[in-house]
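K.L.:
Once you've had a glance at the structure underneath, I'll fire off some questions.
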Amino acid sequence: MIVALNTKSHTINLFEINTKEELLRLKENGPYYCPICKKQVRLKIGVKRVTHFAHIDLTECENERKESIDHYKGKLALYQFFKRLNVNVEVEKFIPEINQRPDLFIRLNSLKMCVEYQCSLIPLEIMIKRTNSFKKSGMKVLWILNDKLLNQKRWSSFQINSLSIYSLVRINSFSLLFYNPTLQSFTVLSSLIAFSPVQYIGQKSVFPINNFSLKEFLSQNGMDKKVFVSKWTRLKKDFRLYQHLHTKGNLKIFKQYLYNANINYFPAVIGVPLESNCIIKENCIFWQGVIYFKFFHEAEIGQLIFLDKIYQFVKLEVQNGKWRVNQFQDNEIGNLEKCVEKYIDFLVKIRIVKRIKNGKIMKIANAIISTTFQQALDEDRLSTNTAFDLLFNARTDSNDY
């Protein structure tokens with residue numbers, strides 16, 4: 001542990017001790033006590049291990065949990081980072097009403113925020129439990145992940161696990177913050193859009209910790225359109241090339257839709273980049289495809305379609321366990337109706353449907369069904385361009401009627 005109490009119940013913070021001489025004087029001026037269980041602890045000045053306080057007797061105190069060197073270095077660097085920003089920050093502050101001690105606790109005017117630095121894979125349930133306990137006490141939570149949890153794939157796509165998805169921050173777009181204690185740098189992933197349950201397209205920016213401020217995190221630059229369209233259409237091309245290999249699960253169901261409709265190349269309005277793609281934990285080609293074929297493909301031009309029926313269908317698929325959904329620390333993100341709305345926004349933008357009053361939409365055109373592989377790729381590029389404008393740039397006319 002980094003903090004302990006002296007005989008006057010004053011907090012001793014090892015992160016504020018700068019020299020070996022100070023540490024030696026501190027060791028002579030004991031005893032010291034655990035802030036949680038109040039049992040005596042001793043100061044261990046690190047030679048092979050980092051300097052820390054440790055309980056003298058064996059104990060089951062929560063403060064006795066072991067800490068990796070990466071976690072220690074990262075926590076120290078983040079503590080010093082927030083101190084440089086003139087933020088009121090405390091390390092390992094014990095919050096008795098919830099029996100928790102976040103890595104860092106920040107006060108900024110009326111804002112109370114817990115910062116957790118996560119270095120290893122843990123069960124998502126533990127992450128959720130800790131976050132909920134902080135939030136119930138009126139605190140914001142920021143999860144900063146160790147750079148080792150960042151898995152970059154080819155073509156600059158990223159493999160995002162459930163812990164990272166839960167840690168998503170909604171600013172101008174979905175973002176993640178990583179810290180590398182070895183390189184002493186922050187990595188920001190911004191403009192993150194899900195293609196499959198784990199594969200995301202996004203923008204990666206690296207900042208040395210001494211040249212980084214929260215302004216960079218809060219005001220990120222948008223994605224370059226050509227780069228984004230190229231990456232997304234590459235993913236769709238690969239899916240089209242290897243879709244015959246999908247013989248199990250939901251993607252097999254999607255293939256059955258194509259077979260029943262006598263379609264070799266699914267229309268480009270399926271599998272488009274939407275901000276809400278991260279909500280449903282399935283390949284976006286699957287869930288968008290099911291919605292399109294069930295409600296739009298066979299509808300006549302001029303036919304009215306009720307949004308409530310689409311909402312009910314999606315909710316039932318989730319409730320029955322047919323479709324999986326992700327969990328987020330911000331409950332507002334995981335809104336299934338918003339997921340449907342964003343897809344309808346795209347279909348409006350690309351002039352397949354238009355909105356009518358009272359939760360109704362009207363089909364006004366059929367999607368193009370490509371007859372060749374190259375035509376399918378060309379249509380993918382056009383639809384991705386339109387989706388990009390809806391995502392990052394242009395205003396949509398999706399509320400016109």
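Derivation of every value follows stated rules applied to the coordinates shown; laboratory data play no part. Because the structure is predicted, anything quoted here is derived from the model rather than measured. Quick reminder, even Gly has a Cβ in these numbers, built from the backbone with ideal geometry, and neighbours come from all protein chains shown.
K.L.:
Only bridges with both residues in the chain count here: give the DSSP antiparallel percent, nearest 5.
P.N.:
Expressed as a percentage, antiparallel bridges in the chain total about 85.
K.L.:
What are the aspartates and glutamates whose alpha-carbon lies under 18 Å from the alpha-carbon of Lys140, with same-chain residues fewer than 8 places away excluded?
P.N.:
Within reach: Glu90, Glu92, Glu97, Asp103, Glu116, Asp330, Glu332.
K.L.:
Over the range 3-64, calculate the relative contact order: mean separation of alpha carbon pairs under 8 Å at least 6 apart, over the residue count, as a percent.
P.N.:
28 percent
K.L.:
Here's a follow-up. Which one, Ile291, Leu304, Asn335, projects farthest toward the positive side of the charge dipole computed for the range 226-392 from Cβ point charges (K/R +1, D/E -1)?
P.N.:
Ile291
K.L.:
Let me ask you something else. Angle, helix 249-260 long axis vs. longest principal axis of the chain, Cα atoms, 0 to 90°, nearest 10?
P.N.:
10 degrees
K.L.:
Let me ask something else about it. Give the aspartates and glutamates reachable from Lys39 as a straight Cα distance under 16 Å; neighbours fewer than 8 places away on the same chain don't count.
P.N.:
Straight-distance partners of Lys39: Asp57, Glu60, Glu62, Glu64.
K.L.:
Place a +1 charge on the Cβ of each Lys and Arg in the chain and a -1 charge on the Cβ of each Asp and Glu, then give the dipole magnitude about the Cα centre in debye, rounded to the nearest 20.
P.N.:
Roughly 260 debye for the chain.
K.L.:
Which ³J(HN,Hα) values in Hz, rounded to whole numbers, follow from the phi angles of the range 162-167 under the Karplus curve 6.51 cos²θ - 1.76 cosθ + 1.60, where θ = phi - 60° and Gly and Pro get x?
P.N.:
5, 5, 5, 4, 5, 8
K.L.:
Here's something else I'd like to know. Anything over 20 Å Cα to Cα? Flag those among Lys112/Lys136; Lys204/Lys225; Lys38/Lys66; Lys38/Lys75, in the order listed.
P.N.:
Where the Cα-Cα span goes over 20 Å, the pairs concerned are Lys38/Lys75.
K.L.:
What is the range 170-232's relative contact order, in percent, from Cα pairs under 8 angstrom and six or more apart in sequence?
P.N.:
29 percent
K.L.:
Collect residues whose amide H, placed 1.01 Å from N in the peptide plane, falls under 5 Å from the amide H of Phe266; neighbours closer than 5 in sequence don't count.
P.N.:
Counting only residues 5 or more places away or on other chains, the set is empty.
K.L.:
Let me ask you something else. Convert each backbone phi in the range 73-78 into a coupling constant with the Karplus relation 6.51 cos²θ - 1.76 cosθ + 1.60 (shift: θ = phi - 60°), then list the ³J(HN,Hα) values in order as whole Hz, x for Gly and Pro.
P.N.:
5, x, 5, 5, 5, 5
K.L.:
Pairs of alpha-carbon atoms within less than 8 angstrom and 6+ residues apart define the contacts here; what relative contact order does the range 253-401 have, in percent?
P.N.:
33 percent
K.L.:
Rounded, prolate or oblate: which fits the range 226-392, taking a ≥ b ≥ c as square roots of the Cα gyration tensor eigenvalues, rounded meaning a/c under 1.5, else prolate when a/b beats b/c?
P.N.:
Verdict is rounded for the range 226-392.
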